[in-house]
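Notes for the one structure printed next.
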Amino acid sequence: MTKEQKKVYIDEMSKQFENSKAVLVTHYQGLTMPQIDELRSKMREHGIIFKITKNRITKLALEKTRCKDIADLFTGPTAVAFGEDAIISARILSKFAKDNENLKLIGGIMENEVLDQAGVQNVATLPTLDEARANIVGILNAPASKLVSILLARSEKMSSLSAENSEK
């Protein structure tokens, strides 16, 4: 890399670190290019960028960003997932790591909270915003639907009683 290319790389990475709500760090040693391409494709479907990094230069890019606390994660063959939704990013990486033992989740940062490997796994199990909304709607609908069925059942009984009385 020329000096100018390094400068451009540092600027681009700094912007990615600063603008992404979720940054997850992985080790990818042993993955084949088709496997990496498959993972990138899955990530891209959700607007997540999965990028293989150059550690020394990436640490320089991290220095002046809110993500500087994760600089020590950048050792060995490292790749980073940049995204807006930490839950989706963590889920995709976690599922891929289960199927491909060569991908290791190392840690990351969600908003301003630093995550270790266990933290990333915990985030992967959380419901997404849409799932949480659906659960809340389901909880709110359940009592209302029970109330409606009780009211309908009583009105049906009342109508059947009045029909019986009118026949007599």
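The values are calculated or read from the model by the stated rules, or taken from the named source; none is laboratory data. For clarity, every value in this text was computed on a predicted model and none was experimentally measured. Positions of Cβ are backbone-derived with ideal geometry, glycine not excepted, and every protein chain shown enters the neighbour counts.
Summary of values
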| item | result |
| --- | --- |
| Pick from the stretch 24-78, criterion of a type outside the set (S, T, Y), in contact (Cβ under 8 Å) with a residue 60 or more places away in the chain and part of a strand (DSSP E or B), ranking: surrounded by the fewest Cβ atoms within 10 Å (Cβ to Cβ) | H27 |
| Condition met for S14 (surrounded by fewer than 12 Cβ atoms within 10 Å (Cβ to Cβ), outside any strand (DSSP E or B) and not β-branched (V, I, T)) | no |
| Count of the stretch 42-62 residues which are modelled with pLDDT under 90 and closer than 17 Å to E111 by Cα | 1 |
| Enumeration of residues in the stretch 92-122 that are surrounded by 18 or more Cβ atoms within 10 Å (Cβ to Cβ), in a helix (DSSP H, G or I) and in contact with a Leu (Cβ under 6 Å, 6 or more places away or on another chain) | L93, F96, A97, V120 |
| Output for the stretch 1-45, where each listed residue is within 14 Å of F82 (Cβ to Cβ) and hydrophobic (A, V, I, L, M, F, W, C) | M13, F17, A22, V23, L24, V25, L39, M43 |
| Selection from the stretch 1-44 of residues that are within 14 Å of the chain's Cα centre (by Cα) and among the β-branched types (V, I, T) | V23, V25 |
